Amino acid sequence: MSETIRDVIMIGSGPSSLSAAIYTTREDIDTVVYEKGAIGGLAAITDLVDNYPGFPEGIEGLTLAGQLEKQAERFGAHIEFGEVSAIRHEGDIKIVTVDGVDVQAKTVLIATGSDYNKIGVPGEAELYGRGVHYCATCDGAFYREKRLVVVGGGNSAIQESIYLTRFSTHIDLLVRSTIKASEVLQRELQKFIDEGKITVHLATTTQEIVAVGGKVTSVKATVAGKPVSFETDGVFIFVGLKPNTQFLEGSGIELDERGLIKTDRKLQTNIAGIFASGDVRSGATTQIASAVGEGAHAAMSIREYLDDQELIQSAI
């Protein structure tokens, strides 16, 4: 176990955590951020963030994430790569296991966000990264002048389908029931439907992703119970998100029925000194702007907690 006791360990490096790190480090609170994947979380792989205040023309998700990272580091945040597998507490000290090594802290902020849901059909897992994708910004350019299938009917599916028209010759959008995206996105989608770039198939359930010679060739589905096949060169799946809270099993941290972390009005969990913010928190609005605000809120609560602990120790 590391002998150093940090003021705060933040888990995840999305907008919520980076925002919190900006605030804590400006208060001279020793802060380390652990990230197991890409700095910026899902925001970093979003093509265009069009509703973040202060950017009237929108801003690329990767650019926004990079600016948040630089700002946090400018104030002194330590951003390190490492996967957290467990959290426990011994008295007032929190112990976080990072890549098999125990690291100690006075407080912890969990801001691990969410991951992509899977549809669980044959071919999905086997062809991941070889014709099946969950990130249009990451992989869309591989499909220049190709046909694509997109699965989903929410905001992400519509937004990413529109983005993929930059590369694809045609997109078949498979929607299990009805389109549930915002009115703004639906109006934008209609333009691409009218241009013949996207065809929407409602009441369509994906059954299997088919490949020949290791390459995706088609998607089998049912429309109103009748089998149908869509020829395609690749499949992009956008069917929602699930919270990244699996590592909290056995931690004693209370979750809701969806696996999201329950907090009080100070964003503190049922364990004193452990906080949560952003998309992983029960009741969050899953918007970048609100995640950033929650990060700032969590930072203020962390400072208050640390001040209270210092007063308690000085009184003993």
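The values are calculated or read from the model by the stated rules, or taken from the named source; none is laboratory data. Computed from a prediction, not measured in an experiment: that's the story for all the values here. A quick note on method: Cβ atoms are made from the backbone with ideal geometry, for glycine too, and the neighbour counts reach across all protein chains shown.
Brief remarks on what is shown
- Per-region count, region 260-291, residues at positive phi, modelled with pLDDT of 95 or more and not hydrophobic (A, V, I, L, M, F, W, C): 2
- Residue pairs meeting the criteria (Cβ under 7 Å; at least 6 apart or on separate chains; first under 23 Å from residue 27 (Cβ atoms) and of a type in the set (S, T, N, Q), in region 61-82; second at pLDDT 95 or above and not in a strand (DSSP E or B)): 71/22
- From the list 304, 294, the one residue that fits, being charged (D, E, K, R), exposed (fewer than 13 other Cβ atoms within 10 Å of the Cβ) and touching a residue at least 24 places away in the same chain (Cβ under 8 Å), is 304.
- Matching residues, region 140-174, being closer than 23 Å to residue 229 by Cβ and among the charged types (D, E, K, R): 145, 146, 147, 160, 172
A quick yes/no check of all residues on (1) in a strand (DSSP E or B); (2) touching a strand residue (DSSP E or B) at 6+ places or on another chain (Cβ under 8 Å):
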{"position": "7", "(1), (2)": "yes, yes"}
{"position": "13", "(1), (2)": "no, yes"}
{"position": "24", "(1), (2)": "no, yes"}
{"position": "34", "(1), (2)": "yes, yes"}
{"position": "51", "(1), (2)": "no, no"}
{"position": "57", "(1), (2)": "no, no"}
{"position": "69", "(1), (2)": "no, yes"}
{"position": "73", "(1), (2)": "no, yes"}
{"position": "86", "(1), (2)": "yes, yes"}
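- Selection within region 47-79: residues that are touching an Asp or Glu at 6+ places or on another chain (Cβ under 8 Å) and at pLDDT below 95. The member of this set that is surrounded by the fewest Cβ atoms within 10 Å (Cβ to Cβ) is 58.
- Considered as a group, the residues in region 161-189 that are assigned to a helix (DSSP H, G or I) and among the hydrophobic types (A, V, I, L, M, F, W, C) include one that is surrounded by the most Cβ atoms within 10 Å (Cβ to Cβ), and that residue is 164.
- Elements of type strands (runs of 3 or more DSSP E) in region 196-289, at least 3 residues being of a type outside the set (A, V, I, L, M, F, W, C), surrounded by fewer than 18 Cβ atoms within 10 Å (Cβ to Cβ) and free of Cβ contacts under 8 Å to residues at least 40 places away in the same chain: 215-223, 226-231
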